[in-house]
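Here the structure comes first, spelled out in structure tokens, and everything after it is commentary.
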Amino acid sequence: MATFPVVNEPPTYFKKEVKQSSEMNYGELRRYIRDLQQSGFDVVRLRVQLQKKLAFPVITLVMAVLAVPFSLSAGRRGSVTGVAVAVGIAVVYWTVAGLFEAMGNISQLPPVLAAWSPDLIFAMVGGYLILKVPA
């Protein structure tokens, strides 16, 4: 093994641990994006992921709003129908979220819009259905 007297750092100094965006918290990812951006790298995908870290937890509230009209009309249908509708809504949400994320990743949408659009769309649908359900 050759040694280089000019290099004083141990080999572990040069080994850098690279985390995926899903393994970082909001602050870590924001700093990572800033560092990459200063180095001249394209960070569009990471900016979409950063916005998703804020937008994704909000879907629990949106789904609760969306569930209200279905719970009010549950007496007319069976419980199996309710479960099927819930699974269907979840599949549609994942599809819409994936579509908007992909559009954000290729810069067809700004990162904020790519991450928050599915929540906004489903919140509007839930609000509309709440207003439409007879009292």
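The values are calculated or read from the model by the stated rules, or taken from the named source; none is laboratory data. Computed from a prediction, not measured in an experiment: that's the story for all the values here. Counting neighbours? That spans all protein chains shown, and the Cβs are built from the backbone with ideal geometry, glycine included. For the accessible areas, the whole protein counts, side chains as well, though only heavy atoms, and no ligand, DNA or RNA atoms are used. Shrake-Rupley method; radii C 1.70, N 1.55, O 1.52, S 1.80 Å.
Can you say whether V43 is touching a helix residue (DSSP H, G or I) at 6+ places or on another chain (Cβ under 9 Å), within 18 Å of Q20 (Cβ to Cβ) and of a type in the set (V, I, T), as far as the supplied structure shows? Yes. When the criteria are applied in full, A84 fails the requirement of being in contact with an Asp or Glu (Cβ under 8 Å, 6 or more places away or on another chain) and at negative phi. Annotation note: of V91, V48, V87, V96, the sole residue that is within 26 Å of L131 (Cβ to Cβ), at pLDDT 85 or above, under 13 Å from the mean Cα position of the chain (by Cα) and not basic (K, R) is V96. Restricting to region 10-20, name every residue that is open to solvent by 80 Å² or more (accessible area, probe 1.4 Å) and outside any helix (DSSP H, G or I). K15, K16, E17, V18, Q20, listed by residue number. The C-beta contact set for region 1-30 (first residue within 20 Å of R45 (Cβ to Cβ) and modelled with pLDDT of 75 or more, second residue surrounded by 10 or more Cβ atoms within 10 Å (Cβ to Cβ) and of a type in the set (K, R), distance under 6 angstrom, 6+ apart or interchain) comprises Y26/K53. For beta carbons closer than 7 Å, sequence separation of 6+ or different chains, a first residue in region 106-126 that is within 12 Å of L66 (Cα to Cα) and a second that is part of a helix (DSSP H, G or I) and among the small types (G, A, S), the qualifying pairs are D119/A55.
Scanning region 99-129 for residues that are closer than 15 Å to V58 by Cβ and touching a Pro at 6+ places or on another chain (Cβ under 6 Å) yields a single hit, F100.
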